[in-house]
Structures are given as structure tokens and as C-alpha cells.
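Read the structure below first, then the notes.
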There are 4 protein chains.
Amino acid sequence: MATLGASLELVEPGEVHIALPFSLALAQQHGYMHAGATTAIADSANGYAALTLTPPGFEVLAVEFKINLLAPAKAPRLVARGRVLRAGRRLTVCLAEVLGVSDVESELVATMLSTISVRPSGTSSANSRPQ
Amino acid sequence: MATLGASLELVEPGEVHIALPFSLALAQQHGYMHAGATTAIADSANGYAALTLTPPGFEVLAVEFKINLLAPAKAPRLVARGRVLRAGRRLTVCLAEVLGVSDVESELVATMLSTISVRPSGTSSANSRPQ
Amino acid sequence: MATLGASLELVEPGEVHIALPFSLALAQQHGYMHAGATTAIADSANGYAALTLTPPGFEVLAVEFKINLLAPAKAPRLVARGRVLRAGRRLTVCLAEVLGVSDVESELVATMLSTISVRPSGTSSANSRPQ
Amino acid sequence: MATLGASLELVEPGEVHIALPFSLALAQQHGYMHAGATTAIADSANGYAALTLTPPGFEVLAVEFKINLLAPAKAPRLVARGRVLRAGRRLTVCLAEVLGVSDVESELVATMLSTISVRPSGTSSANSRPQ
């Protein structure tokens, strides 16, 4: 996330927002933000949202996600809002909306539904992928 | 893809393979390839596979995908094998397997199922995202 | 839907609610509503929601969906709330929540994200599946 | 499954096939098999495939699935072929193909990718949904 230039905008129990300003390094050939960037911040927002409801000594790991890419990311800033739909002892399910935000409007750019595994820290040290 | 260091390994009608060697720039904290890299090459392999069955004057655009992350990407090389399940005039559906490949073995790392829109080139120039 | 005993509870532009009372015919071995019933009403709520924003002479057809089954359907009544996230000329994306509803509480039972094709009526008469 | 008239065609470690003959009770308005039937046998084939690799004393429960509906189910018989992609101690991932089969040909009708929870029998008796 740091590499992308993303920052945490909100961290509350069950909800995390991540913002990403436009940069040429993340642009695709039409000058919009690359879908890979959209996917990355949605995945992270969901992972961190899950983490806010995870007990100490446990870590999270996305096991799968589905994303619908609804509109091109033309706005100067993307904001991914991840929210926990159900937190379980073993699995947590999160929904993220990614908005393209400008001074005058915001538009829904993508939606991601994620299934996230919750497990004792370290047990998956050889397996985990970063959130 | 070029930025990631990925290369086309196979291009046949309905099937495209993309390889990605391990690099520190794509590694996460445990030293394995980042899931974002896995997702990116699976998405690209499916998009290019769809393109091989698309008539001249048409372009492709992923509208949604689902990925299951099955195992950590520990191998020195990832190969995404995208394959068309059904090519339509408006929508093409593709399935990708991502394998972690070493000298001695290969392991299934991820699977992606993608729905791809097929449309006249240029009509979506303001909307397209790169494959 | 009629066969299942389902009924329309709300029809507004971009949003449709479908209710399904518990019945023994739809129960599984533990006495709860079968996941197939949950899936069916979520799919229908999304399809009808898409239809409310579709111009005359066009019909809708789900091309894919993903459902997360979050909790057992123990409640005496299920309500699926389908909502359009983005309506396009060719594709519409909808999100449904299925709630288990009793006199005292309601609980999120499932969430479905659907991609729905919009096409001139009759062109897909040989292909369509019912919503 | 029995209610639908489905039958097990193959049960091997990691792979299960379920067949469903056409019946008027499962038809939609165009006379083809209803997508709900397609979904049900794909879900069951994946669940049973997971079960073949599950140790005694454990049960399976689908936590989510995604299905792409590729073609109308016109054939006199549907066959769902569920296969384990990765069997884990807590989660198993399966892929199903649903084929429309006639005397002269077979056609891919749908594909489903499922995430299945594996847990000690009885612990989820209040939660399980049937496979």
C-alpha cells in the first residue's frame, strides 16, 4: 500500500477506508487508474476491516474475492471502503465499494466481495499473503 | 505486464500462458510473490485468451472476475494459463490457473474465473482498462 | 418463484424485495430453509431489480453470480433485497442481501453479487433463463 | 438431490459426477432446464467431491460459490462434474463443470468455483446447509 501511495482514511471497528491519489505510475494507456490499483485497495480495505474485528493473536488472510469493475477510474482520487458483513471465528466476509472521488462528485467504480480466513498468528507465516 | 517483468509463453486460439519470474520488487513480507502479482497475470492471461477469439475491430474488457488464492507463491516462477470456456459475440468467459513452477515441481497457486466484454474498438476508449 | 411460495414485497426503480415464508418443502435436514431457496430468491431479486431500469423491449438474463452464505436460514421468513449498483446499456450489476426475519430480529443470511445481461426481447428467446 | 431426480454417476477421491435428466417440473418458460437446477447439481457435485477427501468425523459446508451460466440447458440430461482443486484442513476449493449431454454431443452449460469449509461433524449442526 505504501508503495502505491495509498493511505488509511478511516479505521473503525468493522470498517476501513483507504485512499489512493492518481499517479502516472498507476495509470493505464488511457490515462486512468489501472484496474490492478483498484483491486489492490479494495482487497486491502476488506482485509483491514476484517482485522479490526479479529482478536489479538490472530491474523487474516484473503482466501478468495470477486470484483465487479463498474466504471473507469477517471477521478483524481480513489477511495475503497471495506466493511465487515459477518465476522466469524474462522471466516470473515467483507464487502468493499471503490469510489472515484473528485471535488464535485463521487462515482462507484468497483465492488468487491471477499472471504477472509482468520487464524492464529504465525501458523500461516509460511502461507500468508499481505493485506 | 512489461513493468512486472512478465512474458508471453504461449499464444494459441483460445489459450494464452503468461510467465512471471520472481523478483524482490514483487515480494511480500515473507519473501513470496505478492498476491497482486498473481491476480494481475491471471487477469491478463484470461484477457489475452479472450482476445485470440475476438474478431478484428473488437476489443476486450474484463467486467468482473473471481479468484481463489490456493497456496502461497513460493516458486521461482509463476505461470498463468488462461483458457476460453465460451466465446460469445458480446461476452466471453475464461478460466485461468496460476501455477508456481520450479525445476522439480509445479503447484496450483490460484484459479480465476473471468467474464469479459467484447465490443467494437474505440467505443470503450474512454472506459477500457488494460488487459 | 410462485412455486416456492415467494412474493414481491417492494418494487421501486432499481430495487426489488422478495419474501419467502418458511415451508417444510423447502427445509433441509436440520429444519432450516435450504440454501437453494436462499440462492433462488437472491437471484430473482437482482434480476427483477435490473428489470426495473431496463427500457421497454429489452429483457434481462443473469450471466453470472457469486453468493456468500453467511448464516443458516433459521428465521420464519426470508427477505431478499436486490439493488442495482450500476445499470448499463448492455450489462447491469446488482447486489442482494438476504435477511432472515422474525418478529424480534433480522439477520443477514447471504449476499449475492450478480452480472446481468440486457438485450432486446426475443433475441435470446432460445437462450434465456427465467428471473 | 433425490427430489430433483438427480443421481450419482461417479464417486472417486476428489471427483464426483451428478446427473439430472430433464423433467417438466424443472423446466422454465422456454422448455429448458431451470438455472436453479443447474446451480443445485453443481453445488452438490462440488460438495460431495470435497467430502471424498475429508477425514472421518468431519463434514463440509459451502461458504460461497460463483457460477457462470454459459448456455441454456437444452439437452435431455445435465451432468455436473465436481473436482477438488485443493483440499485443506479447514477449506477445500472445488471447480464444477455442468455439461448438457445428448446422444450426439455435449456442451458446457455452466462453471462453478466453490469454497467449502471443513469442520468437525456436529459442531455446525445448527449451521450446516445440505450438500
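The values are calculated or read from the model by the stated rules, or taken from the named source; none is laboratory data. Values in this document were obtained by computation on a predicted structure and should not be read as measured data. A quick note on method: Cβ atoms are made from the backbone with ideal geometry, for glycine too, and the neighbour counts reach across all protein chains shown. To get the accessible areas, we keep the full protein, side chains included, count just its heavy atoms, and leave off ligands, DNA and RNA. Shrake-Rupley method; radii C 1.70, N 1.55, O 1.52, S 1.80 Å.
Would you list the P(r) distribution for region C:41-86, with all Cα-Cα distances sorted into 10 Å bins from 0 and each bin expressed as a whole %?
22, 49, 23, 7
Using the Kirkwood formula on the Cα atoms of region A:1-50, what hydrodynamic radius do you get, in angstrom to one decimal?
Its Kirkwood hydrodynamic radius stands at 11.3 Å.
Grab the alpha carbons of chain B, take their convex hull, and tell me the volume per residue in Å³.
So the per-residue hull volume is 104 Å³.
Local charge sum around B:Leu85 (other residues, Cβ-Cβ under 14 Å, Lys/Arg +1, Asp/Glu -1)?
Local charge sum for B:Leu85: +1.
May I ask you to report, in nm to one decimal and beginning with the shortest, the distances from B:Thr3 to the same position in the other copies, taking label points 7 Å along Cα-to-Cβ?
1.1, 5.0, 5.1
Could the peptides B:104-113, A:111-120 be put in order, highest first, of the mean number of other beta-carbon atoms found within 10 Å of their residues?
The packing order, highest mean first, is A:111-120, B:104-113.
Report the closest approach of any chain D C-beta to the axis of the D-to-C rotation: residue and distance, in whole angstrom.
D:Lys66, 2
Rounded to the nearest 20 debye, what is the charge dipole size of chain D about its Cα centre when +1 sits on each Lys and Arg Cβ and -1 on each Asp and Glu Cβ?
Dipole magnitude for chain D comes out near 460 debye.
Taking the label point as lying 7 angstrom from Cα along the Cα-to-Cβ axis, what are the distances from A:Pro120 to the corresponding position in the remaining copies, in ascending order and in nanometres?
Computed spacing set for this position: 1.4, 6.2, 6.4 nm.
Restricting attention to the alpha-carbon atoms of the protein assembly as shown, what are Rg (one decimal) and Dmax (integer), both in Å?
21.7, 62
Distance from the Cα centre of region D:23-59 to that of region A:60-81, in angstrom?
31
Within the accessible area of chain D, what % is carbon and sulfur when the probe is 1.4 Å and the other protein chains stay in place?
54
What's the magnitude of the charge dipole for the protein assembly as shown around its Cα centre, counting Lys and Arg as +1 and Asp and Glu as -1 at the beta-carbon? Answer in Debye, nearest 20.
The dipole magnitude comes to about 0 debye.
How much accessible area per residue does the protein assembly as shown have, counting only protein heavy atoms and a probe of 1.4 Å, in square angstrom?
Value for the protein assembly as shown: 40 Å² per residue.
Go ahead and run the numbers for FRET between C:Glu9 and A:Glu12, Cβ-Cβ distance against an R0 of 35 Å, rounding to 0.05.
With R0 = 35 Å, the Cβ-Cβ based efficiency is 0.65.
How much space per residue, in cubic angstrom, does the convex hull of the C-alpha atoms of region D:12-78 take up?
104
What is the angle, in °, between the Cα long axis of helix D:35-52 and the longest principal axis of the Cα atoms in chain D? Nearest 10 is fine, range 0 to 90.
Helix D:35-52 sits at roughly 40 degrees to that axis.
Between copies, how far apart are the D:Glu105 label points? List them in nm, one decimal, shortest first, with each point 7 Å from Cα toward Cβ, please?
Ordered by distance, the counterparts are at 4.2, 4.6, 5.4 nm.
Chains C and D: how much accessible area gets covered up at their contact, both sides added, probe 1.4 Å, in Å² to the nearest hundred?
2000
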